Every structure is written in structure tokens, then in C-alpha cells.
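Peer 1: My questions all concern the structure below.
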Amino acid sequence: MPRTIRPGDLVRRERRAQSLTQQQLAERLEMSRPELSNIEKGKDPSALHAVRMHVYFDVPLEQFFPEMTRFQKRLGKRRFRAACDAGVDRSVAV
């Protein structure tokens with residue numbers, strides 16, 4: 001199993017690697033800039049935002065949360081599956 005990294009550290013590292021501002025990444029992840037900023041500062045993302053980051057950055061969801069079942073229950077299996085299937089629009093990726 002991959003080592004778990006703090007979501008904020010992963011997001012900040014990947015955002016900077018892609019030379020994106022918080023605003024640009026927030027738009028691609030369909031969240032507000034303040035939400036993204038809070039995640040980078042250490043706040044846990046919502047289950048939906050975690051799924052969007054997992055899809056956008058193409059990293060295992062376990063990188064964000066080792067206890068996946070807890071978040072599947074929080075979001076609900078049907079909404080969790082729909083969020084995973086919907087993913088994030090990567091056509092705007094740099």
C-alpha cells in the first residue's frame with residue numbers, strides 16, 4: 001500500500017509541479033479557491049473533493065484516505081460511484 005501523505009501536501013506539491021495558481025486548480029476541481037486553500041493548510045477535503053483530486057492527479061484515493069469505507073459511507077455508495085465515474089474534466093489540463 002502506498003504511503004499516506006497529507007492531502008494538503010500532495011495538493012500543493014502537484015499544483016506547483018503543474019505551475020497552477022490555487023484559483024486555476026480550484027476551477028479544474030470544481031471547488032472554490034478558499035476550499036482549496038484550506039485543504040492545502042491541512043483541512044481534510046470532503047469525500048467528493050477527495051474523489052475529484054484522486055481523478056485529476058491520478059493517484060490512488062488511499063493516498064488521501066487509507067480508510068476508504070469510511071468515506072464511501074459518508075458520501076453513500078451510489079453518490080461515491082457516480083463521483084468516481086464522473087471524474088474531473090482533464091481536457092483543460094496543462
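Peer 1: Being part of a helix (DSSP H, G or I) and of a type in the set (D, E, K, R) narrows it down to one residue among 14, 30; which is it?
Peer 2: None of the others qualify; the one that does is 14.
Yes/no matrix, rows are residues, columns are (1) among the polar types (S, T, N, Q); (2) touching a Gly at 6+ places or on another chain (Cβ under 8 Å); (3) at negative phi:
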position: 14; (1), (2), (3): no, no, yes
position: 20; (1), (2), (3): no, no, yes
position: 26; (1), (2), (3): no, no, yes
position: 29; (1), (2), (3): no, no, yes
position: 32; (1), (2), (3): yes, no, yes
position: 35; (1), (2), (3): no, no, yes
position: 42; (1), (2), (3): no, yes, no
position: 54; (1), (2), (3): no, no, yes
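Peer 1: Take the residues of region 1-24 that are of a type in the set (A, V, I, L, M) and within 17 Å of residue 64 (Cα to Cα): which is surrounded by the fewest Cβ atoms within 10 Å (Cβ to Cβ)?
Peer 2: 1
Peer 1: What number of residues within region 36-79 are modelled with pLDDT of 65 or more, in a helix (DSSP H, G or I), hydrophobic (A, V, I, L, M, F, W, C) and touching a helix residue (DSSP H, G or I) at 6+ places or on another chain (Cβ under 6 Å)?
Peer 2: Residues that pass the stated criteria total 8.
Peer 1: Could you please tell me which pairs satisfy a Cβ distance under 6 Å, a separation of 6+ or placement on different chains, a first residue in region 5-21 that is touching a residue at least 12 places away in the same chain (Cβ under 8 Å), and a second residue that is outside any loop (DSSP other than H, G, I, E, B) and of a type in the set (Phe, Trp, Tyr)?
Peer 2: Listed pairs, sorted by first residue: 14/57.
Peer 1: Of everything in region 26-49, what is among the hydrophobic types (A, V, I, L, M, F, W, C) and crowded, with 21+ Cβ neighbours inside 10 Å? Give them in sequence order.
Peer 2: Selection gives 29, 36, 39, 47.
The values are calculated or read from the model by the stated rules, or taken from the named source; none is laboratory data. The shown structure was predicted, so the numbers you read here are calculated from the model rather than taken from an experiment. Please note: Cβ atoms are built from the backbone with ideal geometry, for glycine as well, and neighbour counts cover all protein chains shown.
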